[in-house]
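Visitor: Got a structure for you, written out below as structure tokens; questions coming shortly.
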Amino acid sequence: QVQLVESGGGLVQAGGSLRLSCAASGIFFRLNAMRWYRQAPGKQRELVAAITSVSSTNYADSVKGRFTISRDNAKNTVYLQMNRLKPEDTATYYCNTENYGTNYWGKGTLVTVSS
């Protein structure tokens, strides 16, 4: 059974930082690409960052230079370091992976950035 559990969200002032974590189980983690998505109220879910099994990364233009995705295969965990946060980063952040053709999502962690 695949499980993705996010943590690390919270309330932060603009310009601050947060680090999100996503602990994965039920998959051969080191072989899986992992992604962070976010969804703000009234908006569509959007891809924020992705990391491949060999740690190649890509980012949405809106977060380039501010967010960093990384993975620790020994801990089956993917991280999203978020710096210089802006109010427009306020959203629920979801961890995602695909395993044998099935998409899996965590329940999300809420990030609120106050101005």
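The values are calculated or read from the model by the stated rules, or taken from the named source; none is laboratory data. All values reported here derive from a predicted model rather than from experimental measurement. Methodologically, a virtual Cβ is constructed for each residue, glycine included, from the backbone with ideal geometry; neighbour enumeration extends over all protein chains shown. Surface areas here come from the heavy atoms of the whole protein model, side chains and all, with no ligands, DNA or RNA. Shrake-Rupley method; radii C 1.70, N 1.55, O 1.52, S 1.80 Å.
Visitor: Restricting attention to the stretch 80-94, which residues are closer than 11 Å to ARG38 by Cβ and open to solvent by less than 10 Å² (accessible area, probe 1.4 Å)?
Guide: Looking only at the stretch 80-94, we keep the residues that are closer than 11 Å to ARG38 by Cβ, and these are 80, 82, 88-94.
Scanning the stretch 80-94 gives LEU80, MET82, ASP89, ALA91, TYR93.
Visitor: I've got another one for you. So in the stretch 57-79, with the set limited to residues that are hydrophobic (A, V, I, L, M, F, W, C) and touching a residue at least 12 places away in the same chain (Cβ under 8 Å), which one is farthest from ASN32 (Cα to Cα)?
Guide: Checking each candidate, the answer is VAL63.
Visitor: I need every pair where a residue in the stretch 1-23 that is within 9 Å of VAL111 (Cβ to Cβ) has its Cβ under 9 Å from the Cβ of a residue that is of a type in the set (Lys, Arg), sequence separation at least 6 or different chains.
Guide: GLY8/ARG19
Visitor: Something else: Name the single residue, out of those in the stretch 95-112 being under 13 Å from the mean Cα position of the chain (by Cα) and over 19 Å from SER70 (Cα atoms), that is least open to solvent (accessible area, probe 1.4 Å).
Guide: Checked the stretch 95-112; the qualifying residue least open to solvent (accessible area, probe 1.4 Å) is LEU110.
Visitor: Another question, if that's okay. Kindly provide the set of residues from the stretch 17-57 that are under 11 Å from ASN96 (Cβ atoms) and surrounded by fewer than 15 Cβ atoms within 10 Å (Cβ to Cβ), ordered by number.
Guide: LEU47
Visitor: Give the residues of the stretch 27-41 that are touching a residue at least 60 places away in the same chain (Cβ under 8 Å), part of a loop (DSSP other than H, G, I, E, B) and over 11 Å from VAL78 (Cβ atoms), sorted by residue number.
Guide: ILE27
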